[in-house]
Amino acid sequence: MTDPLAQVAALPGVDEAVAEARSTVDRLLGHRILRRRSAEVSTESALRAARASAALEGVSVSLEEFRQDAAEMAAERPGLDPVVQGSLRISAELGTLTETWRQAPRQVLARLHVLAAADAVDEDALGRPRAEDQPATDPLGLGAPPVPAEVAARLDALSTLLTRPTKAPAIVVAAIVHGELLALRPFGWGDGLVARAAERLTLVQRGLDPKSLTAPEVGHAERADEYVGALRAYLTGTSEGVASWVRHCAAAVQIAARDSLAICEAYLRG
């Protein structure tokens, strides 16, 4: 049986980028503060992930404002931006989806869309792939997405890949998940929120970051121009384009791990 994800891992520059990111994550996982405060680091990371993902959807607010939005949402106060609400709901529930993601990726993608878009689309469209006549939002300026028939075929192929064994590292698998979902924009609204959450979920489920201490979304947002450029390269379908995208995703994980290390150091200082 062929291993397409392992073939991606063998592309030029990918192994080195993945190794650098993994080394930084390992340094994070060994931080002494995590022996007693890992849950707090994970919670702060989730908040930063939600904020960064919302920013990449075009809704940019400061971290403190976002923290306040999270408090208002917890208090069920109305009036928050739908993107903010969706990103916060995803971060709150992501940890409960790990095992299902391993066995039934399509089911999890549907659930992620329900969380992302509950305040933005009609109820009968939640968790359902977009129809032929349904437009897809394009906050990243990627151009027209594939038609629904192609979306369905590629989602099936992605789901099959995710449920088969592979020798590819978690970062490579997560990058392909993220890239494919943004290439397809399967739901039409909130696809970026879904894609970035699926990337993070893959890193957790495949053991790179089992306690969800890093927020790759932070890395993507910090290099937003590179993020869009690498996505466009991925959309070409060439080996060079795919390798460029995976290297960017590895760099985003490394940035995220450094950000979480800074959180750990702040807790250590009190």
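The values are calculated or read from the model by the stated rules, or taken from the named source; none is laboratory data. These figures come from a predicted structure and were not determined experimentally. Here the Cβ positions follow ideal geometry from the backbone for every residue, glycine too, while neighbour counts run over all protein chains shown. Quick note on the areas: whole protein, heavy atoms, side chains included, nothing else; ligands and nucleic acids left out. Shrake-Rupley method; radii C 1.70, N 1.55, O 1.52, S 1.80 Å.
The criterion of being open to solvent by 40 Å² or more (accessible area, probe 1.4 Å) and hydroxyl-bearing (Ser, Thr, Tyr) holds for THR137.
Looking at GLU222, is it open to solvent by 20 Å² or more (accessible area, probe 1.4 Å) and modelled with pLDDT of 95 or more? Steps first, answer last, please.
Numbers: open to solvent by 20 Å² or more (accessible area, probe 1.4 Å): yes; modelled with pLDDT of 95 or more: yes.
Considered against the rule, which asks whether it is open to solvent by 20 Å² or more (accessible area, probe 1.4 Å) and modelled with pLDDT of 95 or more, GLU222 comes out as yes.
For GLU132, the conditions (1) surrounded by 15 or more Cβ atoms within 10 Å (Cβ to Cβ); (2) at pLDDT below 95 are fulfilled apart from (1). For the range 37-56, the count of residues that are open to solvent by 50 Å² or more (accessible area, probe 1.4 Å) and of a type in the set (A, V, I, L, M) is nonzero. Would you be able to say whether some residue in the range 99-106 is at pLDDT 95 or above, not in a helix (DSSP H, G or I) and not acidic (Asp, Glu)? There is at least one residue in the range 99-106 that is at pLDDT 95 or above, not in a helix (DSSP H, G or I) and not acidic (Asp, Glu).
Taking only the range 77-115 into account, find how many residues are of a type in the set (Phe, Trp, Tyr) and over 18 Å from THR163 (Cα atoms). Full working, then the answer.
Initial filter on the range 77-115 (of a type in the set (Phe, Trp, Tyr)): 101.
Of the ones still in play, those that are also over 18 Å from THR163 (Cα atoms) are none.
The total comes to 0.
Quick check, is VAL8 open to solvent by 20 Å² or more (accessible area, probe 1.4 Å), in contact with a helix residue (DSSP H, G or I) (Cβ under 6 Å, 6 or more places away or on another chain) and in a loop (DSSP other than H, G, I, E, B)? Criteria not met by VAL8.
Any chance the range 60-79 includes a residue that's part of a helix (DSSP H, G or I), open to solvent by less than 60 Å² (accessible area, probe 1.4 Å) and touching a residue at least 60 places away in the same chain (Cβ under 8 Å)? Reasoning before the result, please.
From the range 60-79, those part of a helix (DSSP H, G or I) are 63-74; that's our starting set.
After this cut, where a residue has to be open to solvent by less than 60 Å² (accessible area, probe 1.4 Å) as well, the list is 63, 66, 69-73.
Narrowing further to those that are touching a residue at least 60 places away in the same chain (Cβ under 8 Å): none.
No, that holds for no residue.
Only a single criterion out of (1) in a loop (DSSP other than H, G, I, E, B); (2) in contact with a helix residue (DSSP H, G or I) (Cβ under 6 Å, 6 or more places away or on another chain); (3) modelled with pLDDT of 90 or more is not satisfied by VAL84, namely (1). Tell me, which residue of the range 115-129 that is assigned to a helix (DSSP H, G or I) and open to solvent by less than 40 Å² (accessible area, probe 1.4 Å) is nearest to GLY192 (Cα to Cα)? Per the criteria, the residue is ALA116.
Can you find a residue that is surrounded by 18 or more Cβ atoms within 10 Å (Cβ to Cβ), more than 20 Å from VAL59 (Cβ to Cβ) and of a type in the set (Val, Ile, Thr) anywhere in the range 195-207? Steps first, answer last, please.
Step one: filter the range 195-207 for residues surrounded by 18 or more Cβ atoms within 10 Å (Cβ to Cβ), giving 195-206.
Restricting the remaining residues to those that are more than 20 Å from VAL59 (Cβ to Cβ) gives 201-206.
If we keep only those that are of a type in the set (Val, Ile, Thr) too, we end up with 202, 204.
Checked against the condition, which is being surrounded by 18 or more Cβ atoms within 10 Å (Cβ to Cβ), more than 20 Å from VAL59 (Cβ to Cβ) and of a type in the set (Val, Ile, Thr), the range 195-207 yields at least one hit.
Out of the range 11-30, which residues are assigned to a helix (DSSP H, G or I) and either out of contact with any Leu (no Cβ under 9 Å at 6 or more places or on another chain) or without any contact (Cβ under 8 Å) to a residue 24 or more places away in the chain (or both)? Across the range 11-30, the qualifying residues are VAL14, ASP15, GLU16, ALA17, VAL18, ALA19, GLU20, SER23, ASP26.
In the range 156-190, of all residues being free of Cβ contacts under 8 Å to residues at least 60 places away in the same chain and under 13 Å from ALA110 (Cα atoms), the one that is surrounded by the fewest Cβ atoms within 10 Å (Cβ to Cβ) corresponds to SER159. Considering (1) in contact with a His (Cβ under 7 Å, 6 or more places away or on another chain); (2) surrounded by 23 or more Cβ atoms within 10 Å (Cβ to Cβ); (3) touching a residue at least 60 places away in the same chain (Cβ under 8 Å), the lone condition that CYS264 does not fulfil carries the number (2).
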